[in-house]
Each structure stands twice: as structure tokens, then as C-alpha cells.
Protein chains: 2
Amino acid sequence: LCAQAQVLYDFTAEPGNNELTVKEGETVTITNQVSCSLSACNTVKSLNSTVIVSIYTVLRLTLQANSNGNDPWSAWNADPSAGASNNSASNPDGTQTGRAAAGDSWGVAAQGHPQAYQGPGKNTGLPFSLNSSLLLLFIILSVPGLWNMSCRLFLSTDTSFQISPHHHVSVLPFRFPGFSKSGPELYLLCKQIAKGKDKLPIYMGEVGPVWLYPESQLDCVVADPKKGSKMYGLKSYIEYQITPNTTNRPVNHRYKHFDWLYERLLDKFGSAIPIPSLPDKQVTGRFEEEFIKMRMERLQGWMSRMCRHPVIASSEVFQLFLTYKDEKDWKTGKRKAEKDETVGVMIFTTIEPEAADLDPIEVEQKCEQFNRFTKAMDDGVKEILTVGHEHWKRCTGPLPKEYQRIGKAFQNLSSVFTSSGYQGEETLTDAMTAAGKTYEEIAQLVAEQPKKDLHFLMETNNEYKGLLGCFPDTIGVHKAAIDKVKEGDKLVATNKITPQEKVTMAKRVSTMSYALQAEMNHFHSNRIYDYNRVMQLYLEEQVKFYETIAAKLRQAHSQFTTM
Amino acid sequence: LCAQAQVLYDFTAEPGNNELTVKEGETVTITNQVSCSLSACNTVKSLNSTVIVSIYTVLRLTLQANSNGNDPWSAWNADPSAGASNNSASNPDGTQTGRAAAGDSWGVAAQGHPQAYQGPGKNTGLPFSLNSSLLLLFIILSVPGLWNMSCRLFLSTDTSFQISPHHHVSVLPFRFPGFSKSGPELYLLCKQIAKGKDKLPIYMGEVGPVWLYPESQLDCVVADPKKGSKMYGLKSYIEYQITPNTTNRPVNHRYKHFDWLYERLLDKFGSAIPIPSLPDKQVTGRFEEEFIKMRMERLQGWMSRMCRHPVIASSEVFQLFLTYKDEKDWKTGKRKAEKDETVGVMIFTTIEPEAADLDPIEVEQKCEQFNRFTKAMDDGVKEILTVGHEHWKRCTGPLPKEYQRIGKAFQNLSSVFTSSGYQGEETLTDAMTAAGKTYEEIAQLVAEQPKKDLHFLMETNNEYKGLLGCFPDTIGVHKAAIDKVKEGDKLVATNKITPQEKVTMAKRVSTMSYALQAEMNHFHSNRIYDYNRVMQLYLEEQVKFYETIAAKLRQAHSQFTTM
């Protein structure tokens, strides 16, 4: 009926918890969307009266392909009372199929305007991003009261959900059977700090704490998308060629490899560095040329941003992705990366600032300042996106139509004039026809312009929207650590920690702050570069646009006789 | 309830005609709009089931001033069943007051867009133009069947109504008690043909028959509108100063004098020369600066067009209007003009073509060609007006708002950037603020542009719409004459006319055709001049507009650092 999921691991329910026992390979139906930011648990309130059957389990999401063209997700919210499990058929091969839902992250019904800006999030009407290798954890509880308890239980394991304002849910990989232990106190109180080559030093630059930047900047070119297939052509996919400027040797990757990389980066660096989501996965029409071009452009943008980050660019997993030698090399590297234990907050164990420790009050102030700034910028970016989207629609819709009508009206009048039978008005009628055609050309120019300028302005702001959307989580980790340090005295008094541990915690939160500052400075420097570049590009193309129109009109004007 | 009218002359109903006896000074209520082109009588069909009480009478229209601000005309069409007469109170002083109706000749609700193009016919929601001195003849009949009969009766007296497609009705002055006798046969069969100074010769020019053009072209300047008053300030009006290039001596005229001139010209030349209506009379807000400026501009356009017409420019009545020496001179000239008997079709008695008589078949073909052309041009002109009106609304409404929002969005993001605390991004934030301000300036430019270019394009096309609207009547006179000539043999056979009269009729219809051809050639030459001029002006301003924007954007672009 609704979404089909395939159970990946056995789960035995505990009595009294309204849980559900499921077996590996079994197909279950998920009857209701669970929207919960585990750091807040506020959204639970919106679930109020809905009865949901609880299961703690790990599912591979398999959308039931709906052959009649209807959105299989449409019933998702419409059927809150159905049971959690049935044995209805899933796709035989278990692969993911599905359709973009009618919703659109742009807020406006972009689907009604096929020419409207097709930003990322085209299919974020779906309750989560569907990553093929993603293990989704669904927590479905029948009693809202139980929810908070379970949330708390779950919070302590520090697996986090992230919900964007557009109900786009990206779910962190859930490693079964053990949770990665990475609550902030895990780092604040841990015994060992990484040494040697894994160290991430932070220097004091002109602008404050900065990461160690490499002498030559890594970059790569994502190009040449090719359709590949496996299982004797039963499954087809697009493979992109990625060529780093270091080796200049291309490697091939499918989208799901990018997704795997994203997950590794998020897992390893997410607490310290905002890792922007990949461009959305579009399930239908995956092989349409336009879509492939757009995705490639966005993957390029994402890769370039990752390359520009000194910590990410030099990381083993990122280097593996860009420079693996052969399939075996890749497989080995993959397995190693997946076993990496310096993930979550433990990344801070590798950070080593050169400067003196910071006062916890200063740490807190900086953290709040960053929070304010990123929030404000998020608003500013979204405003540009909203305005830009409307402008896009106008420029590709009513405006060129109007210019076309003006052009047609001039031409029509001109042909009426031609029919007058009056001698010697060819100069006028020719000029009027030319003027009319000029307005038709202007219509064309207007309609095509957004692709030349607004597109990049939108893409850049979109990238920043994604990036800024990661900050609340990153900053959240810091806030949680600050809170722990603030209750240091109480923890010492109640013998939860030793006085020495309290000192260590303050020292470590200072290290975290240096990391956050280095990251913010990295963000600012990139932001200045990016906005300078995109504004220049936008204005340059706008100048060209208006100059072209002026030149065309001047030419049209010259055809009239001066009397 | 609806419109109030004051009876100017006694009228005694004839029994059985459903007429109504009214007395001078009595107030009547007109319950339904009468839309009827007397030359066609087609619109009667639209009156179908409505019951209207008939009155043949002459009324001074006095709109009941509605103090609560509602449109007193709104009930006009809503109450078709009410009686034609009641004694409800008219304005105590009997002067005209009223309000612009909600309807708008532009079709779209321009009142909702105060910035939308306010073309003529701003208040043509009113069923007729309300000229203070106009004697309106209302023919209100109860039985649709009776209508045609009365129309015919009325047609024979040759008083004509003219109805534009927007239901703007301008009513020819009705001279009470005698009708001016001017049916086409009146000329075709008349004994005397004017001689001497009144003659209007037609020469053969390169393009065919042409009027005699004066060596130097008459022109005049309408300027300096001044508020005047009479009756100890009880009545106030606007007086315009008109200075002809011949005497260079200004004369003063109120709108009602222009209207008087229009009536005289229509009366005298209307059968041979299309006399465009004056700019519409606006009853409310007569002294608002904008309105006075607009009316003056249009009176200037109307006067210039009249000056450019060789027949009109040299006519006694037009010369009187432009060059009267004093009030006495004016009064005497007025009285003389009003007594002129060479009006209606009798104008053709003054026309003397130099070329040989035309074959009636050729006459008919030419007449039909002119009819086709003016109809086609009317359509073309209206298309431009429609498109232009929409473009006007877009340019003064949503488009600048959007540019403003783009500008604001850039500035907002810039001020967020300023709050970052990051060093050395003033160049970027200053440039972004400047770019934002540039888009706000562009918004202003866009909003103001229509006044600079579209305005003249609209005004010219509007003038032509008015002019073209006169052709059906002018051509109708010719068609009626041709029809009479075509039945010449039958008329001779039935002894209605003598064989000699048949020959005279053919000769005279040939003279009429020369006049029509001369008029068409005059029209074409003016049309070519006007459209060449207005298109040049439009394109010139459009070029300036786009160049200004390009320059502003280039300036904004230059403020970003090249990296």
C-alpha cells in the first residue's frame, strides 16, 4: 500500500514495548512518515493522535513501483492506521524504484511550469533521500508518551536524524549491530588523543585560527557520463569520470559511490565540518540527458567544494575515491574506511591547535556568533532563491510571451500597411516588420537569459543553502560540549567526573572551538570567493544581455527614415 | 435611481406608440442604456427582452450625485424594468455632476492598477460622453419591433449616433426643432452646386487624387491651461491657450469650445472626412493636474491633426476658432457657423475634381478597398493597444517589484556578510550593496519607462483608433450613394428619376469617390508620417533604456574584484 521496506537484520521485539518481531528478508509496509529531529524531538508533537506500530529494526527501503503512474508515496500520509507489516510483494530484484512526489522544495508548484528553475530537491516531496546503500533506521512507536523515552534512549547512542525545513530527511548511516560511540562527552573525557600523521593542526592566520592549507589546491573534473550496465543489462546506471589534477588519471564512479563517499565524510568529519548533501537523487527519468547534465554539474560543484577543503581533500577516504588504482584497491580502501573508528566527535582527538586554550566563555560566545551568522545567511540565501525562482518563472513565462506579442503586433500592422495600395511605404513597412522581428528575438533572448546568468546565481545559493543547512548539527555538537563543560563543577561535586577530568574537558572544548573557528574562517574565505565570482558572472551576463538588446533595437531603429 | 435627465423641450406623446409626454424642466430617470448605431440598428438585437418606455425628447443629462461615493451608474444596467419617468430630485442647480464608472474601455480593470495606462475612455463606462452643452436625444422604445421603424424614421432625418466598440457613445448634436436634411440622394439629385471661394478642388497627384495642400502648413500650440470661473466663482473651468503659427496670437478656449468646434466640423465635413472625437470628458477630478496635462496633450494632438488637414485647416469655422479677435467676433462667427447649410452630404457640392468621371464599378471597388483597409488597420491598432496596455501594467506593476526584491535580497545578504566579523570583505559587501541598489534603480527605470516610450506609441495608436472608428460612417455615406446609383435604371424605369438625373447621380458619385480617394491618400500620407515618427521615438527611447541599464550594471560589475 504505502512504502515497502525490506528487513535487513532480524529483530526480536521485547514484550510490552509494542515492538514488532521481524526477520531478515521480510517485506514490511511503513504506514506513516516519522519526522523527528532527535536532537530536539519537537516534531513528535505533530504526530499526536496517530497510532503507529513500533518496530526497532533496520530496513532497506524498497519503494513499490507503481505501474499506473501514480505517486506511490501519495498514500503515505493518508493511511495512518494500517498495520506496520504485511507480506505484499516488493520489487523482485529488491532494487530501488520510485517517483518524484508532487511537492517541490521551491514551495511553488514548479511542476506546473516546466521551464521553471529545477533546483535540487525536485523530489524532496519524498520523506527521505533514498540512497541505495543506506540502512534506514525506523523508529515507529505506538504511544506518543513512549516516544520521548525512546528518543532519549536513542539520543544516548548519538545517531542523528536531520530534517530540513522542506521535510527533506537525510538519515545518517546506521551501523549495525553496534552504534558508533560519539556523544560529545566521549571526546571530552576520552583517554587517548591521536598522534602522528592523522593530526589535524590548526594555525593562527591573519583572520584567526585556520586549517593547514596545502601548497597546491586539489581539484577535479567530473565529466563524460556514460551509461553502464550489469547483471546482463538488467540493471543500468550512469558512470561519471572524475579526473583529479594531482594524478591527471581518470577514475570512474557511479552516483552511489559518491553517496558512499558522502556518508564516510559525514560520519568522519560531520561533527567538525559541515558536509553538504549530494545533489538529490532522482529516481524516474534517471537517464534523461538534461538530468544527467544537471546532476553532473552539481556533482562537480560538490566535488570542487570538497577538494577546496584542506581537511577533506587530504583525507584518506577522499584520496581513495579520487585515486584508487583498480577495483581491488577500491574494495580494500572501502572496507578500511568503513572500519575507521575516528568518526563522530572523535575527530576532535586529531585536532591540535597551536595557540593557547580559550576561555569557555569566549568559546560559547564564538559558537553563538557563528550560529547567528549562519542562521542569518541561511535566511538571506533563501530570500535570493525565492526571488530568483520567481524571476526565473517570469523570464521564461509571461515576459517573453509579451515581447512576442509586441513583435507580432508590429508585424501585423506592417502587413496591413503593405495592403494599403499606397505608393512608397516600403521603407516604413520593412522597418516595422524588422522592429517586430526584433521584439520576437528579444523574447527569445529574455527566455534564454536565466540559463546564462540566474542559473549560476541560483546554483551557488543552492549550494550554500545546503551547506548552511549542515551548520545547526555541527554547531549543535559544540553546544552540547559547551553545556557539558558548564556543568563541570556540578559533575565534580556529584563525583561524576574528577577535577582533572573537568580541566581536560575545558581544554578539549577549547580545541573544538579552534576547529569551529578554523572551519568558519574556511567557510568565510570560500564564501567571499564564491559570491564575488557568482555576482561578477551574473552582472557580466546581465550587461551582455542588455547590451545585446540595445544593439538589436538600435539596428531596428536605424531602418526607419529620419524625416 | 439610475441616471437623471432634465427635459429641455416639451414633447407630446402620440397615442399607441408607447411614448411618454414630458415637459420642459421635468426630471426623468433613464432606466436603461440605449446602444444603437443608427446607420446599422444592429445593436437593437441586444436589447431583446428589455422593456423600455419610449420617449422622443431632448434631455439635458443630469447625473444624480451620489454622496456616499458609490457609482450612480452601477444600477444602470441592473434595473431594466423600472418606469422611464419619475419625479425624484435632480441636482438643485441642474448642473452636471457624475462619476467615472467602474468599467474601463481598456477592457481590463485599470482602476485596480492606478499606474496602468490611463488611455482615453477612462470613464467610458458611462454610456455617453457628457458634454455640458450637448443636447441628448434619447429614443427609448418599449417594443423592439417599433425600434426599426423609428430608426428608419430617424435615419431619414440623418442625425447619427456613433458607438465605439467600447460602448462609448458620442451623440451628434440634435438641432431642435428642425433636422438638417442631408441624405445621400439629397446631394446626388440636388440642383445647385457651390461655386467660387467655397470650392474644394481635388488634383491628381503622384499617388492619385489629392486635396489642395497649402504652401505652408498650419499648426498651433495648445498650452498654459488656466483655471477660470464665472457666476461669481460658482462654476469653474479650465481655459487653454491656443496659438496658431499663422497669427502667433494666442486665443483662449474652454473644452466646451473645442467640443463646439468638433460638432461643427463633424456636421460640415463628417460625410467626406473622418473627424476624430475629442479626448473624453472626465467629469470628476476635472482639475487634477495629471488629468489637465493629459487632456491638454490630447487636445494638442487633436488640433494638430485638424491643422494638418488642408480642408479643415482652411475652413471658416476652424479659422474662426484659431484667430477670432474678440468675444464679439467669436459670438458672431459662432452664430454664422451654426447656420451653415453646406453640411452633411451637401459638402460634396463644393468638391470639384479635375480628372474625368469614374466608372461606378471602379467607385464601388475603391470604396470596398478602403473599407477593408480601415477595418484591418483598426484591428491591427487595437492589437497594439491591447498588448501595449498589458505591457504597461507589467512594467509598472510586477516587474519593477521583482527588480526591487532582487535588489533588496542582494543588499540583505550583503549586510549579513558585513556582520560576519571576518576581515577584509568590505570590497565584496560594498560591491554587493551597490549591485543591490543598482537593481533598485533598475526597478525605478522599468516603472518609469512606459511614460517615456510606450505612452506615445499608445497615444498615437489611440488617435488612430479614434480616427479609424469614424471611417465606417464616412464610408457608409459613400456606400449609400453607390447603392442609389446602382438602382438608377430601376428608378428611371419606375419614373422615380429622369434619365438625366441618373447621369447626374453617376457623375456625383464619381465626385464623392474622388473626395474619398483624396481623403484616403491624406490618411495614408499622415499614417506613414505618424507611424514612422512614433516607431522611431519608441525604439530610440527603448535603446536608451536598455543602454542605461547596461551602463548601470557595468558600473555595478566593476566594483567587484577580479580574482
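Checking each residue in segment A:534-562 for being facing chain B (nearest Cβ under 7 Å), part of a helix (DSSP H, G or I) and either within 30 Å of residue B:416 (Cβ to Cβ) or hydroxyl-bearing (Ser, Thr, Tyr) (or both) picks out A:535, A:536, A:539, A:540, A:542, A:543, A:546. Is there a residue being surrounded by fewer than 20 Cβ atoms within 10 Å (Cβ to Cβ), on the phi < 0 side of the Ramachandran plot and under 22 Å from the mean Cα position of the chain (by Cα) anywhere in segment B:317-329? Among the residues of segment B:317-329, at least one is surrounded by fewer than 20 Cβ atoms within 10 Å (Cβ to Cβ), on the phi < 0 side of the Ramachandran plot and under 22 Å from the mean Cα position of the chain (by Cα), which makes the answer yes.
Out of (1) among the β-branched types (Val, Ile, Thr); (2) under 27 Å from residue B:380 (Cα atoms); (3) more than 8 Å from chain A (Cβ to nearest Cβ), the odd one out for residue B:498 is which? Of the numbered conditions (1) among the β-branched types (Val, Ile, Thr); (2) under 27 Å from residue B:380 (Cα atoms); (3) more than 8 Å from chain A (Cβ to nearest Cβ), the odd one out for residue B:498 is (2). Residues that are within 10 Å of chain B (Cβ to nearest Cβ), within 31 Å of the chain's Cα centre (by Cα), on the phi < 0 side of the Ramachandran plot and buried (at least 16 other Cβ atoms within 10 Å of the Cβ): does segment A:341-348 have at least one? No, there is no match, as no residue in segment A:341-348 is within 10 Å of chain B (Cβ to nearest Cβ), within 31 Å of the chain's Cα centre (by Cα), on the phi < 0 side of the Ramachandran plot and buried (at least 16 other Cβ atoms within 10 Å of the Cβ).
When the residues of segment A:421-434 are filtered to those that are surrounded by 14 or more Cβ atoms within 10 Å (Cβ to Cβ) and in contact (Cβ under 8 Å) with a residue 24 or more places away in the chain, the one that is nearest to the other protein chains (Cβ to nearest Cβ) is A:428.
Checking the stated criteria, residue B:368 turns out not to satisfy the condition of being under 30 Å from residue B:235 (Cβ atoms) and modelled with pLDDT of 90 or more. Scan segment B:540-548 and tell me whether some residue there is among the hydroxyl-bearing types (Ser, Thr, Tyr) and more than 22 Å from residue B:213 (Cα to Cα). Yes: segment B:540-548 contains one or more residues that are among the hydroxyl-bearing types (Ser, Thr, Tyr) and more than 22 Å from residue B:213 (Cα to Cα). Take residue A:502 and decide whether it is at negative phi and not in a helix (DSSP H, G or I). The answer is no for residue A:502. Within segment A:349-362, the residues that satisfy the criterion of being over 28 Å from the mean Cα position of the chain (by Cα) and closer than 26 Å to residue A:489 by Cα are A:352, A:353, A:355, A:356, A:357, A:358, A:359, A:360, A:361, A:362.
Just one residue in the set B:366, B:375, B:382 is within 30 Å of residue A:411 (Cβ to Cβ), within 14 Å of another protein chain (Cβ to nearest Cβ) and over 22 Å from the mean Cα position of the chain (by Cα); that residue is B:366. Scoring residue A:361 on the criteria (1) within 30 Å of residue A:257 (Cα to Cα); (2) without any contact (Cβ under 8 Å) to a residue 24 or more places away in the chain; (3) among the hydrophobic types (A, V, I, L, M, F, W, C) leaves a single failure, condition (1). Annotation: of all residues in segment B:385-420 being of a type in the set (S, T, N, Q) and either closer than 18 Å to residue A:400 by Cα or more than 8 Å from chain A (Cβ to nearest Cβ) (or both), the one that is nearest to the chain's Cα centre (by Cα) is B:386.
The values are calculated or read from the model by the stated rules, or taken from the named source; none is laboratory data. Computed from a predicted structure; not experimentally measured. Cβ coordinates were reconstructed from backbone atoms using ideal geometry, including for glycine residues, and neighbour counts include every protein chain displayed.
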